[in-house]
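Below is one structure, written out as structure tokens; the observations come after it.
The values are calculated or read from the model by the stated rules, or taken from the named source; none is laboratory data. On a predicted model such as this, the values are computed, not experimentally measured, just so you know. Don't worry about glycine lacking a Cβ; one is built from the backbone with ideal geometry, like all the others, and counts go over all protein chains shown.
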Protein chains: 2
Amino acid sequence: MPRSPTGHRVTMIDIAEAAGVSKSTVSLVLQGSPLVKADTRDKVLNAIDTLGYVYNRGAASLRNARTNLVGMVINDLANPFFAELAVGIERVFQTAGYIPFIANTAESPTRQAEVLRSMREHDIAGLILCPARGTRQGDLDAIITGGLPLVLAMRRVAGVKASSVTPDNFRGARRATEYLLELGHRRIAFIGGYADMTAQTERCGGYRAALEAAGLPVDGTMVIEGPTTRETGAAAIEQLLSLGAPPTAALCFNDVVALGANDALRRRGLATGADFSLVGFDDIREARHMWPPLTTVAVDTLSLGEKAAHAMLRMIHGDSRRDDYLGDVTLMMRDSAGHPKAV
Amino acid sequence: MPRSPTGHRVTMIDIAEAAGVSKSTVSLVLQGSPLVKADTRDKVLNAIDTLGYVYNRGAASLRNARTNLVGMVINDLANPFFAELAVGIERVFQTAGYIPFIANTAESPTRQAEVLRSMREHDIAGLILCPARGTRQGDLDAIITGGLPLVLAMRRVAGVKASSVTPDNFRGARRATEYLLELGHRRIAFIGGYADMTAQTERCGGYRAALEAAGLPVDGTMVIEGPTTRETGAAAIEQLLSLGAPPTAALCFNDVVALGANDALRRRGLATGADFSLVGFDDIREARHMWPPLTTVAVDTLSLGEKAAHAMLRMIHGDSRRDDYLGDVTLMMRDSAGHPKAV
DNA sequence: CTGAAAGCGCTTACAG
DNA sequence: CTGAAAGCGCTTACAG
């Protein structure tokens with residue numbers, strides 16, 4: 001922090017002295033109050049500039065109990081999807097005068113607990129949370145009862161009454177599966193995620209619904225759980241192709257998983273889209289650049305982020321209504337899904 | 001923030017009353033002081049739990065002028081490289097009890113100025129900055145004179161005396177260029193970045209040095225500047241291939257640029273590695289999964305992040321020595337670079 | 001081991 | 001328009 005020549009921190013009092021006014025006046029100037037004469041304001045602003053004064057928000061919020069800090073807790077910052085989501089959220093807060101405070105939990109509930117505590121200690125105005133896998137209602141009790149505005153993004157938590165912003169996972173997955181069925185596939189796998197994540201339940205649910213509507217059985221060996229990583233995608237392909245009656249296509253929990261599945265297919269000398277069809281979910285930037293370009297369910301990441309930010313802003317401004325926003329999804333048909341080899 | 005049944009915020013005083021001690025004692029317990037009897041400590045801890053007390057760090061740091069907040073300003077969070085860097089940094093701070101506060105400037109100096117101001121207002125203990133393109137000495141004056149611990153990461157700023165952590169850009173680029181020369185290439189381009197970024201000067205400098213050492217001319221039309229994006233990589237390929245004597249290989253400023261160049265080659269029906277060679281820089285996770293796998297200069301991202309965090313921690317603990325850390329680089333030979341078509 | 005008191009840098013009525 | 005005063009929730013000597 002800036003210190004005056006005498007070594008102490010530069011405060012409003014120093015500014016007041018330098019400008020020859022009282023500190024109330026300085027405070028008014030800082031808050032852009034119209035009560036202050038232009039002449040006086042300039043003197044104050046000048047003093048601020050020459051002394052290198054920095055407003056102390058901690059002190060201010062101690063007095064008036066308001067902060068411009070918003071917490072944003074991400075379960076996997078290494079997944080480009082969440083980086084994109086974060087950008088959408090940041091953009092809104094920036095223009096609204098709030099500063100988002102991003103932290104990464106890397107799917108660890110322990111790390112998440114630490115991060116949440118830290119953020120609450122810093123008296124954030126609200127929290128946008130992409131819950132780590134394994135988060136339970138009890139983990140968020142303190143936040144809910146404390147009355148902190150909370151928006152759950154991408155995943156909900158059973159029993160937690162908070163606003164949420166998620167893509168329409170069910171519809172997206174059903175549509176993607178229908179598309180694979182239309183192409184002629186009959187044995188379709190679902191890869192990635194765990195049944196204890198709402199996003200997986202919903203996406204896998206859409207997949208099942210489409211199969212059932214087509215009169216097809218849902219084969220348990222075709223649903224492969226695992227972390228939402230490339231490794232899971234690759235391992236699943238190995239596992240699926242060693243089945244007696246292997247699938248001819250797979251819907252992946254997300255694009256990162258699909259990227260891994262695509263790697264494994266290539267390693268086996270199989271042509272994605274021709275020998276085996278792959279559909280992803282999210283439509284991260286990488287998807288269209290992958291080879292072959294990935295057929296995937298686009299979730300409009302940016303607007304999801306903006307919705308989350310706006311929901312948060314509304315709550316901060318005192319609107320206590322809960323709202324579950326379901327984002328539009330659209331199937332992006334590219335080249336990773338085609339007709340099955342031999343029908 | 002949690003409120004007591006009567007509606008006011010739960011403070012140390014409430015805890016003191018509930019536990020039947022003074023608030024000094026509560027403060028001591030909170031700080032883990034050994035002065036407090038185990039019995040008393042338990043009573044206090046219990047009261048904290050039942051009342052849902054949350055420590056107010058703003059008030060604490062107002063009193064003792066220390067924070068556990070560390071700012072981390074990233075110039076492009078959408079580039080996976082920086083997400084990886086952030087993870088390395090976070091890891092160290094987490095164990096040291098500091099909480100990093102990530103913000104993204106998206107290469108905008110204006111946005112950067114806003115973010116820096118906000119962070120200073122929140123009285124951060126230190127700042128790790130990946131400067132946005134166009135950052136000048138003057139932009140960091142206030143921070144330097146204010147005595148805020150500052151570590152520059154990935155890019156330095158001319159005239160700014162601060163510790164820095166960067167990969168050995170010059171050596172990495174020279175080595176990569178030498179490798180292309182060894183493969184038989186004689187016309188080699190350099191794609192991406194701007195000459196006003198230290199990282200570009202250094203990488204492009206290594207490229208020039210290698211060419212000169214080989215007695216080859218440095219052709220200005222072979223050096224293409226631009227934002228460090230996929231689009232730049234793609235556009236550069238179009239531009240280079242329309243040259244009278246087009247290059248047979250290119251060193252890209254970073255992997256993201258190389259990804260874009262690879263897209264453009266594919267679109268033209270050219271086989272990367274056979275028809276045209278590409279080398280990247282950074283070795284982001286994506287690089288080895290790209291098709292063909294990208295030959296690139298690995299920079300040991302994680303340890304770069306850790307070095308930055310440790311340098312920061314040292315400064316926070318009062319060590320004022322400046323230190324410029326130059327990270328090791330190693331050429332990862334994969335398949336995107338091969339012998340030129342016809343030599 | 002524990003309590004009373006001062007003070008960190010602000011904002012907010014309240015007077016003038 | 002401006003000033004004096006109280007108080008936000010903590011920590012830190014200082015007594016006891």
Test result for B:M197, away from chain A (no Cβ under 14 Å), under 15 Å from the mean Cα position of the chain (by Cα) and on the phi > 0 side of the Ramachandran plot
no
Right, B:A113: away from DNA strand C (no atom under 12 Å from the Cβ), surrounded by fewer than 17 Cβ atoms within 10 Å (Cβ to Cβ) and under 26 Å from B:R156 (Cα atoms) or not?
yes
Considering A:A19, A:A106, which residue is more than 10 Å from chain B (Cβ to nearest Cβ) and over 26 Å from B:S61 (Cβ atoms)?
A:A19
Given the conditions (1) under 18 Å from B:M315 (Cβ atoms); (2) touching an Asp or Glu at 6+ places or on another chain (Cβ under 7 Å); (3) free of Cβ contacts under 8 Å to residues at least 60 places away in the same chain, which single one is not true for B:V73?
(2)
Just checking, which of A:R91, A:R117, A:R111 is assigned by TED's automatic domain parsing to the domain that holds A:S320, assigned to a helix (DSSP H, G or I) and in contact with an Asp or Glu (Cβ under 8 Å, 6 or more places away or on another chain)?
A:R91
Evaluate the following for A:G305: is it surrounded by 24 or more Cβ atoms within 10 Å (Cβ to Cβ) and at pLDDT 95 or above?
yes
Could you look through region B:133-182, keep only residues that are among the hydrophobic types (A, V, I, L, M, F, W, C) and within 14 Å of another protein chain (Cβ to nearest Cβ), and pick out the one that is surrounded by the fewest Cβ atoms within 10 Å (Cβ to Cβ)?
B:I144
Just wondering, is there one or more residues in region A:61-69 that are at pLDDT below 90, within 9 Å of DNA strand D (Cβ to nearest atom) and aliphatic (A, V, I, L, M)?
yes
Taking into account only those residues within region B:77-101 that are among the small types (G, A, S) and over 17 Å from the mean Cα position of the chain (by Cα), which is surrounded by the fewest Cβ atoms within 10 Å (Cβ to Cβ)?
B:G97
Report yes if some residue within region B:80-101 is basic (K, R) and over 28 Å from A:R285 (Cα atoms); otherwise report no.
no
Looking across region B:183-208 at residues that are assigned to a loop (DSSP other than H, G, I, E, B) and basic (K, R), the single one that is surrounded by the fewest Cβ atoms within 10 Å (Cβ to Cβ) is B:R186
Given the conditions (1) part of a helix (DSSP H, G or I); (2) surrounded by fewer than 15 Cβ atoms within 10 Å (Cβ to Cβ); (3) within 12 Å of DNA strand C (Cβ to nearest atom), which single one is not true for B:G58?
(2)
Residue check, A:A195 under 24 Å from A:T135 (Cβ atoms) and touching a Phe, Trp or Tyr at 6+ places or on another chain (Cβ under 7 Å)
no
Within region B:21-37, considering residues that are within 11 Å of DNA strand D (Cβ to nearest atom) and β-branched (V, I, T), the one farthest from the chain's Cα centre (by Cα)
B:T25
Checking B:I74 against (1) within 8 Å of chain A (Cβ to nearest Cβ); (2) surrounded by 23 or more Cβ atoms within 10 Å (Cβ to Cβ): exactly one of these is not met. Which one?
(1)
(1) away from chain A (no Cβ under 14 Å); (2) outside any helix (DSSP H, G or I); (3) more than 12 Å from DNA strand C (Cβ to nearest atom); (4) of a type outside the set (V, I, T): which one isn't true of B:L35, the others all being true?
(3)
Does region A:137-151 hold any residues that are modelled with pLDDT of 90 or more and of a type outside the set (A, V, I, L, M), and which are they?
A:Q137, A:G138, A:D139, A:D141, A:P149
Going through (1) in a loop (DSSP other than H, G, I, E, B); (2) touching a residue at least 24 places away in the same chain (Cβ under 8 Å); (3) closer than 15 Å to A:L313 by Cα one by one, A:R133 fails only at (3)
Please go through (1) more than 9 Å from chain B (Cβ to nearest Cβ); (2) in a helix (DSSP H, G or I) for A:E84 and return the number of the only condition it doesn't satisfy.
(1)
Given (1) away from DNA strand D (no atom under 16 Å from the Cβ); (2) among the aliphatic types (A, V, I, L, M); (3) not assigned by TED's automatic domain parsing to the domain that holds B:A308, B:I102 misses just (3)
Identify all residues within region A:217-229 that are more than 24 Å from the chain's Cα centre (by Cα), part of a loop (DSSP other than H, G, I, E, B) and not acidic (D, E); write none if there are none.
A:P217, A:V218
When B:D14 is run through (1) within 23 Å of A:V115 (Cα to Cα); (2) charged (D, E, K, R); (3) within 14 Å of DNA strand D (Cβ to nearest atom), the failure sits at (1)
